[in-house]
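Chemist: Take this structure first; my questions come after.
The values are calculated or read from the model by the stated rules, or taken from the named source; none is laboratory data. None of these values were measured; they are calculated from a predicted model. Note that each Cβ is placed from the backbone with ideal geometry, even for glycine, and that neighbours are counted across all protein chains shown. What goes into the accessible areas is simple: the full protein's heavy atoms, side chains included, and nothing from ligands, DNA or RNA. Shrake-Rupley method; radii C 1.70, N 1.55, O 1.52, S 1.80 Å.
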Amino acid sequence: QVNYARSKASKVLNFLKRNFHHTSQSTKEKLYKTLVRPHLDYATSAWDPFTAKNIKDLERVQNAAARFTTSTYGRDTSVTSLKQSLGWLPLHDRRKANRLTSLYKMLHGTIDIDHLKFITPKTHEGTRGHDQQFQLKHIRTDVHANSFFPRTIKEWNVLPSTVISAKTTPVFKAELLTCLTTTNPK
């Protein structure tokens, strides 16, 4: 899945580079966000990669898009600073936000998945943090540890209560993105 998404996104980005290299930065950014990034974001709650190689392979596409968008191809220019100036989160943070939003939707009945078959609310005797935490079950393999529920529950349990207490999905997403950008200003 990672190779497929990277390949599709790279092909579209290369098409854009060939045909839109003289357009404005705002047009290039819109083209990236509407034609390339959806290939990198599609269904990431289900297939979110956890190996460093796969994460790096996907991020390379966004790095190339940042260079294309800003028309900055010099080796001495930091791609991280380019992405920051564009206001783009790293793709792993976008995937994390997508997973956490999916869990939020499950908990609030927006997605019809019986989450209680897979997760158990934590008893709050002496626990820190918010009151909507879940128990982490014993996990024996890396593949299972990095699957949707164990990985997302671990991240859910450390979210601030201001994010968890959001009343609607758009408010949750906005609070979550604010939390991600302030805690990870890479």
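Chemist: Quick test for you: out of Arg75, Arg60, pick the one residue that is over 18 Å from Val143 (Cα atoms), in contact (Cβ under 8 Å) with a residue 12 or more places away in the chain and not β-branched (Val, Ile, Thr). Break it down into steps so the answer makes sense when it comes.
Modeler: Details: Arg75 fails: in contact (Cβ under 8 Å) with a residue 12 or more places away in the chain.
The conditions single out Arg60.
Chemist: Looking at segment 64-116 only, could you name the residues that are under 15 Å from the mean Cα position of the chain (by Cα) and of a type in the set (S, T, N, Q)? Break it down stepwise before answering.
Modeler: Looking only at segment 64-116, we keep the residues that are under 15 Å from the mean Cα position of the chain (by Cα), and these are 83, 87-104.
Matches in segment 64-116: Asn98, Thr101, Ser102.
Chemist: Go through segment 128-186 and give me each residue that's polar (S, T, N, Q), closer than 30 Å to Gln84 by Cβ and either modelled with pLDDT of 85 or more or open to solvent by less than 40 Å² (accessible area, probe 1.4 Å) (or both).
Modeler: First, pick out the residues of segment 128-186 that are polar (S, T, N, Q): 132-133, 135, 141, 146-147, 152, 157, 161-162, 165, 168-169, 178, 181-184.
With the extra rule that they be closer than 30 Å to Gln84 by Cβ, the set shrinks to 146, 152, 157, 161-162, 165, 168-169, 178, 181-184.
Selection gives Thr152, Asn157, Ser161, Thr162, Ser165, Thr168, Thr169, Thr178.
Chemist: Need at least 1 residues that are closer than 21 Å to Trp47 by Cβ per element, so show me which helices (runs of 4 or more DSSP H) inside segment 108-183 make the cut, counting only ones lying wholly within it.
Modeler: Details: elements: 142-145, 148-157, 161-164, 169-183.
Because the criterion is at least 1 residues that are closer than 21 Å to Trp47 by Cβ, the helices (runs of 4 or more DSSP H) in segment 108-183 that meet it are 142-145, 148-157, 169-183.
Chemist: Which condition does Thr123 not pass, out of (1) modelled with pLDDT of 80 or more; (2) on the phi < 0 side of the Ramachandran plot; (3) open to solvent by 50 Å² or more (accessible area, probe 1.4 Å), if it passes all the others?
Modeler: (1)
Chemist: Still on this structure: When both residues are 6+ apart or on different chains and their Cβ atoms are under 7 Å apart, which pairs have a first residue that lies in segment 1-21 and is farther than 14 Å from Ala64 by Cα and at pLDDT below 95, and a second that is of a type in the set (Asp, Glu) and assigned to a helix (DSSP H, G or I)?
Modeler: Final answer for the pair search is Val2/Asp57.
Chemist: Still on this model: Considering each residue of segment 87-120, count those that are buried (at least 16 other Cβ atoms within 10 Å of the Cβ) and within 30 Å of Thr72 (Cα to Cα), and give that number.
Modeler: The qualifying residues number 11.
Chemist: Can I ask one more? Does Ser71 qualify as being of a type in the set (S, T, N, Q), modelled with pLDDT of 90 or more and on the phi > 0 side of the Ramachandran plot?
Modeler: Values: of a type in the set (S, T, N, Q): yes; modelled with pLDDT of 90 or more: yes; on the phi > 0 side of the Ramachandran plot: yes.
Yes; evaluated as a whole, the condition is true for this residue.
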